[in-house]
Amino acid sequence: MPSITTTTSPLTEFLNQGDIEESPAWEFLEGKAEQKPMPTLFHSRLQRNLVNLINDQADGYEAIQELRCIVPPSSPVPDIAVMAIADIPEEDGPIEGPPEWLIEIRSPGQSTVKLQNKILHCLAHGTKLAWLIDIQQQKVWVWQGGELPMIFAGAEALPTLALIPDLTVETVMALARQR
């Protein structure tokens, strides 16, 4: 009788660990499990306020903080995942696939290259729009589809998946200080 061997992928092993949803969440990127850095005050405010702004103004989309996505062979947890409401499953749990719009907020000391690699992985698997917000530099890197990133600053209007009027880099940066 032939022997049957079952193997588990590193992603499956990671997802079966009990502590990956601790705060801050754990991600599985580039074959490694790493805990996200603890957010700063301005990072937390920006994240909360940007989610509220998107949810108030983007018809047909929902912005969700710290939502685990399964994008084999990785499991990113974007700071903000924006999805078409019609694509959000009824059952609870992680999202299978990348968000349509991914937003990362760089924390002080956090590797920009690692954040860019996470963004590029999601873009390669279906993300339509990605932002990398750098509060310290007062800039937003934006990727759309397969195009090279563009860097926005000041009063420049940011591209979104839904019509959000007057969403500029200055507006986004002000959200970091808004209570």
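Computed from the coordinates by the stated procedures, all read-outs in this text should not be read as laboratory data. Bear in mind that the values here come from a model prediction, so they are computed numbers and not experimental data. Heads up, the Cβs are rebuilt from the backbone with ideal geometry, glycines too, and the neighbour counts pull from every protein chain shown.
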When only Cα pairs under 8 Å and 6 or more residues apart are kept, what is the percent relative contact order across the chain? 18
Here the averaged projected area of the chain, based on the convex hull of its alpha-carbon atoms and given in nm², is 12.2
Note to self, the chain gives a 222 nm [θ] from helices alone (DSSP H runs n ≥ 4, -39500 (n - 2.57) apiece, / all residues, nearest 500) of -7000 deg cm²/dmol
C-alpha long axis of helix 112-124 to longest principal axis of the chain, angle in °: 70
Among the aspartates and glutamates, select those whose C-alpha is under 13 Å from the C-alpha of residue 32, and discard any that sit fewer than 8 residues away in the same chain. 13
How many nm is it between the label spots at residue 35 and residue 52, if each spot is 7 Å from the Cα in line with the beta carbon? 2.9
Highest-MSF residue in the chain out of 165, 73, 37 [GNM, Cα springs under 10 Å]: 165
For residue 22 and residue 163 in one chain, what is 0.36 nm times their gap in residues minus the Cα-Cα distance, to one decimal in nm? 47.3 nm
What's the local net charge at residue 105, with K and R +1, D and E -1, over the other residues with C-beta under 14 Å away? +4
Max mean-square fluctuation residue, GNM over the chain, Cα-Cα springs under 10 Å, options 77, 140, 169: 169
